[in-house]
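Structure record follows, encoded as structure tokens.
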Amino acid sequence: MRLVLIAALAAVAFPAFAQDGAALYNAQCKACHSVTEASGPAGPSLKGVVGRKIAGAPGYAYSAGLKAKTGVWGDANLDSFLTNPAGFAPGGKMFVKVAKPGDRAALIAYLKTVK
Ligand code: HEC
């Protein structure tokens with residue numbers, strides 16, 4: 001019974017979380033980014049960014065700072081980048097910070113849905 005309740009709560013809670021992420025994305029990220037194949041007006045495409053190589057969107061001219069980073073984007077490095085992009089990649093050209101941990105988690109959950 002308790003397990004059923006937890007599963008039901010998770011099913012209700014998770015889509016709400018992803019929706020918050022979409023709203024945050026539209027308010028704070030969409031001015032520069034896109035979630036289609038094409039780059040956004042001022043930043044790389046974020047379609048499929050989770051699991052993609054850092055600075056890996058084809059055809060986008062990244063800063064030397066971000067290109068110097070190795071690895072793929074996942075929960076931990078996205079959280080660190082969104083907390084303070086200049087601290088994550090000195091010399092990078094994104095300056096938007098997301099101060100609240102809950103907002104960063106919701107944005108990352110949303111980015112996982114834009115494949
Ligand atoms: C004012 C424009 C602007 C806004 C707003 C913005 N970004 Fe960016 N973003 C950039 C630029 C420019 C880059 C490329 C950075 C570089 O090359 O150093 C970037 C890079 C990124 C990357 C790395 C992508 C890759 O392919 O490696 C992620 C992830 C990202 N932004 C997420 C976000 C999120 C999430 C938001 C909203 C909270 C956001 N950005 C808001 C301009 C912006």
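Values quoted throughout were computed directly from the atomic coordinates according to the rules given, and no laboratory measurement underlies them. Here the structure is a predicted model, which means the values were calculated and not measured. Here the Cβ is made from the backbone with ideal geometry for all residues, glycine too, and neighbour counts use every protein chain on show.
Numerical summary
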| read-out | value |
| --- | --- |
| Sorted peptide list for 102-114, 50-62, criterion being average Cβ within 10 angstrom, highest first | 102-114, 50-62 |
| Segment 52-106 versus segment 22-38: alpha-carbon centroid distance in Å | 15 |
| Over segment 31-70 - Rg/Rh using Cα atoms and the Kirkwood inverse-distance radius | 0.94 |
